[in-house]
Amino acid sequence: MFTDSDWATSVDTRCSHGCYVIMFACAAIAHRNKSYKSVILSSSAAKYYEASEGCRELAYIRGILKDFYGAECPSTPTHIDNQTCIAMPKMPVFSEKQKHIPLRVCHLCECCSNKMVELRPICTRFEIADIGTKALPEPAFVMLCNVLFRTHYFQRGPRHVSGVLFFTR
């Protein structure tokens, strides 16, 4: 799963925009691209919120896979391009600086502790969910479209992220 959020992008309302893409067998099987209705107070909180929303959809998909295959799925790698967001679920208690993050978003902590997801860092260049959050330069847009629509596979090289292999240009 790839999740991303673009913090306070709306010029009029300062609301953020988020996107997640869930991949299975090298193909996108679910996605969401949505503007938030309220203002989120930090970029980390926006990315954390979107990762939590992605986990809700992922729980549903994992349930279907469990029914189909009859076995528990291993942890799903969840790629986020924000180190603070990755560190938050590992903290035993939220600090004073994180009190603005809504309580319902603590769902991501639960997903991590139950081993449903494993948060992993990813370089912004390879963040597939970027295609739904911001305007990209044409080469980046074409590369991500090719991956999403399976017209191109990332090639093997010295860089890889949990089964998704990337160009090494």
Note down all Cβ pairs under 8 Å where the first residue falls in segment 82-98 and is within 12 Å of Leu108 (Cα to Cα) and part of a helix (DSSP H, G or I), the second is among the aromatic types (Phe, Trp, Tyr) and modelled with pLDDT of 60 or more, and they're at least six residues apart or on different chains. Cys85/Tyr48; Met88/Tyr48; Met88/Phe94
Selection from segment 30-43 of residues that are modelled with pLDDT of 80 or more and surrounded by 17 or more Cβ atoms within 10 Å (Cβ to Cβ): His31, Arg32
Does Thr151 satisfy the condition of being among the hydroxyl-bearing types (Ser, Thr, Tyr), more than 22 Å from Ile40 (Cα to Cα) and modelled with pLDDT under 85? yes
Residues (free of Cβ contacts under 8 Å to residues at least 60 places away in the same chain and either at negative phi or surrounded by fewer than 15 Cβ atoms within 10 Å (Cβ to Cβ) (or both)) located in segment 3-29: Trp7, Ser10, Val11, Asp12, Thr13, Arg14, Cys15, Ser16, Ile22, Phe24, Ala25, Ile29
When restricted to Gly54, Gly70, the only residue at positive phi and either of a type outside the set (Asp, Glu) or touching a Phe, Trp or Tyr at 6+ places or on another chain (Cβ under 6 Å) (or both) is Gly70
Starting from segment 30-41, take each residue that is free of Cβ contacts under 8 Å to residues at least 24 places away in the same chain and list its partners that are part of a loop (DSSP other than H, G, I, E, B), counting only C-beta distances under 6 angstrom and pairs at least six apart or across chains. Tyr36/Cys15; Tyr36/Ser16
Taking segment 86-136 on its own, how many of its residues are crowded, with 17+ Cβ neighbours inside 10 Å, modelled with pLDDT of 85 or more and among the polar types (S, T, N, Q)? 0
Taking Phe68 as meeting all but one of (1) surrounded by fewer than 17 Cβ atoms within 10 Å (Cβ to Cβ); (2) among the aromatic types (Phe, Trp, Tyr); (3) assigned to a strand (DSSP E or B), write down the number of the exception. (3)
From Glu57, Glu50, grab the single residue that is part of a helix (DSSP H, G or I), in contact (Cβ under 8 Å) with a residue 24 or more places away in the chain and in contact with a Gly (Cβ under 7 Å, 6 or more places away or on another chain). Glu50
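The values are calculated or read from the model by the stated rules, or taken from the named source; none is laboratory data. Small disclaimer: the values here were computed from a predicted structure and weren't measured. Please note: Cβ atoms are built from the backbone with ideal geometry, for glycine as well, and neighbour counts cover all protein chains shown.
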